[in-house]
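Here's the structure, in structure tokens; my notes come after.
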Amino acid sequence: MRKTPLYEAQQTLGCKIVDFQGWAMPVQYDGILEEHHHTRTRVSVFDCSHMAEFRVEGEEAIQAYGRLVTNDISSLLAGRARYGALTTAEGGIIDDVITMRTAEDALYVVANVSTAETISSILTAISPGVRDVSDETAKIDVQGPESRDVLTRMGFAAAGELRYFHNKWVTWEGWNLLLSRTGYTGELGYELFVPNEAAVSLWQALLEHEAVKPAGLGARDTLRLEVGYPLSGQDFDKSRTPLEANMHPFIAWDTEFPGKAILEKQKADGGHQRLTAIETEDRRAPRSGFEVFDGDQKVGVVTSGGYGPSVGHGVGLAYLDPGYQEPGHDLTAGPRQLSIKTVQLPFYKKGTARK
Amino acid sequence: MNPEHLKYTKEHEWIGEMDGVHAVGITTHAQEQLGDITFVELPVVDTEVKAGTPVVTIESVKAASDVYAPAAGTVCAVNDDLEGQPELVNQSPYEDGWLFKLEGVDASELDKLMDAAAYKAYLKELDDA
């Protein structure tokens, strides 16, 4: 298994390590529920160094990149970011990506580990201006309502100014770091992209704060699900289109991207499944792979599901047929006919991400 | 530590005499593997079960899994405290976190199960595998 620069520092803290996509990653420290609640109320730090990062520099490279994603990159202002998808020629989702414009002539692209190799070969082929910086970059997510205070006290003055989905290159202890006000928890939070060599000292400096605790991939999953963020490789892959994955707000129809004609036709025709939020009334949870039924009729499948620790009931995401994608449908899921209802996202509505 | 007076299954359930009937639960190892338990679906009292029948579903933040009856019998009590506090199974798997009680258990059937020493050896075997 591959190890992140924070592997030893995390082992010392007593976490449980699992193989995640070929990486030795912490799944939990004190327990998923406790880490979940800590993130919703204080601050958690997550090692996300396994994720992939790319620098796209120069006008030609930026334009070429813009033709691969569903977003409009030409109108993306320096210091801001957009969420979107890289698509196949058939309109399927290769991965969801955050594209930041970090300077007038530079983008910084963050992708998931499950598709890192595919994306690296696609992006580095479009222009010599694209560089895969994953191997030299560690990523620490600092998430929770007190994250701004903690970072400000550590000397990250920009943390106090950055608005949601804004970013800035900053210096800390002599290192250049990219500070981005984004995250995967629904809480006020930041993602810090740092050189490998600076990762351990930054991690330890964060943990010196009383409000800060480490959290693992387990809590990351319950946190993201409660706010309805899909997980690449689980809630979508090449077999699903951005329209099906409920990513229509992140498609700029007046720009070019692979598979656009197919998606235009799908949009006009309608009638496709769509990723829909479902919940239970009690603590029983829908699980990935559960088939969804309306009476005897199969109407979809659950791709993510679990207990929502902050909402106190089961939550999930399911691809459902037309006619079932609006809130208020009573359905059943799984072999034991668990009662579920379609609802509006997010499940957890008190998130501080935009505060 | 797995208590000496209980018997254990390969599926990590325990069974032991309590007030004239037999209580059933899951082991420390099982609750550690499941992680934080969020829901326990208990059987209906008076249900007759055979050894190996799935009787309880335990849901954790990670997954849902079944608990099987270690021996045949009739469910005569369930642990209602788990409805509001499923975490008792994590905190006290051999005492407050018991799941259900069986009456009419044939004590000779329990001889087929592992004692604490055999279960400890079994866990070590799993760990080494």
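The values are calculated or read from the model by the stated rules, or taken from the named source; none is laboratory data. None of these values were measured; they are calculated from a predicted model. So basically every Cβ, Gly included, is an ideal-geometry build from the backbone, and we count neighbours across all protein chains shown.
What to note about this one:
- Residues of region B:72-86 classified as within 14 Å of chain A (Cβ to nearest Cβ) and touching a helix residue (DSSP H, G or I) at 6+ places or on another chain (Cβ under 8 Å), total: 1
- Residue in region A:33-49 that is within 14 Å of another protein chain (Cβ to nearest Cβ) and modelled with pLDDT under 95 present: no
- A:ARG224 vs. criteria closer than 26 Å to A:ALA111 by Cα, within 14 Å of chain B (Cβ to nearest Cβ) and either touching a His at 6+ places or on another chain (Cβ under 7 Å) or at pLDDT 95 or above (or both): yes
- Any hit, region B:34-55, residues being part of a helix (DSSP H, G or I), in contact with a helix residue (DSSP H, G or I) (Cβ under 7 Å, 6 or more places away or on another chain), of a type in the set (A, V, I, L, M, F, W, C) and closer than 21 Å to A:GLY218 by Cα: no
- In region B:47-69, the residues that are crowded, with 20+ Cβ neighbours inside 10 Å, away from chain A (no Cβ under 14 Å) and under 11 Å from the mean Cα position of the chain (by Cα): B:VAL67, B:ALA69
- Number of positions in region B:1-20 that are part of a strand (DSSP E or B) and surrounded by fewer than 20 Cβ atoms within 10 Å (Cβ to Cβ): 3
- Residue in region A:103-118 that is without any contact (Cβ under 8 Å) to a residue 24 or more places away in the chain and surrounded by fewer than 23 Cβ atoms within 10 Å (Cβ to Cβ) present: yes
- Filter pass, A:ARG274 being within 14 Å of chain B (Cβ to nearest Cβ), surrounded by fewer than 22 Cβ atoms within 10 Å (Cβ to Cβ) and in contact with a Leu (Cβ under 9 Å, 6 or more places away or on another chain): no
- Residue, surrounded by the most Cβ atoms within 10 Å (Cβ to Cβ), within region B:21-46, restricted to residues that are of a type in the set (Gly, Ala, Ser) and in contact (Cβ under 8 Å) with a residue 60 or more places away in the chain: B:GLY25
- Residue, surrounded by the most Cβ atoms within 10 Å (Cβ to Cβ), within region A:80-102, restricted to residues that are among the hydroxyl-bearing types (Ser, Thr, Tyr) and within 13 Å of the chain's Cα centre (by Cα): A:THR99
- Of all residues making up region A:317-328, the number that are over 10 Å from A:LYS341 (Cα atoms) and small (Gly, Ala, Ser): 2
- For region B:21-46, the set of residues classified as away from chain A (no Cβ under 14 Å) and more than 13 Å from the chain's Cα centre (by Cα) consists of B:VAL21, B:VAL44, B:VAL45, B:ASP46, listed by residue number.
- Residues satisfying the stated conditions in region A:62-106, i.e. small (Gly, Ala, Ser) and under 27 Å from A:ILE140 (Cα atoms): A:GLY66, A:ALA78, A:GLY79, A:ALA81, A:GLY84, A:ALA85, A:ALA103, A:ALA106
Yes/no per residue for (1) closer than 14 Å to A:GLY351 by Cβ; (2) in a strand (DSSP E or B); (3) in contact with a Phe, Trp or Tyr (Cβ under 7 Å, 6 or more places away or on another chain):
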residue	(1), (2), (3)
A:ALA158	no, no, no
A:TYR164	yes, no, no
A:TRP169	no, yes, no
A:LEU177	no, yes, yes
A:THR182	yes, no, yes
A:THR185	yes, no, no
A:TYR190	no, yes, no
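- Test: residue in region B:40-59 that is touching a Pro at 6+ places or on another chain (Cβ under 6 Å), more than 23 Å from B:LEU126 (Cα to Cα) and at pLDDT 95 or above: yes
For (1) within 14 Å of another protein chain (Cβ to nearest Cβ); (2) touching a residue at least 24 places away in the same chain (Cβ under 8 Å); (3) surrounded by fewer than 17 Cβ atoms within 10 Å (Cβ to Cβ); (4) at positive phi, each residue gets a yes or a no:
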| residue | (1), (2), (3), (4) |
| --- | --- |
| A:GLU256 | no, yes, yes, no |
| A:PRO286 | yes, yes, no, no |
| A:LEU317 | no, yes, no, no |
| A:LEU338 | yes, yes, no, no |
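- Number of the exception - A:HIS248 against (1) within 14 Å of chain B (Cβ to nearest Cβ); (2) under 23 Å from A:GLU326 (Cα atoms): (1)
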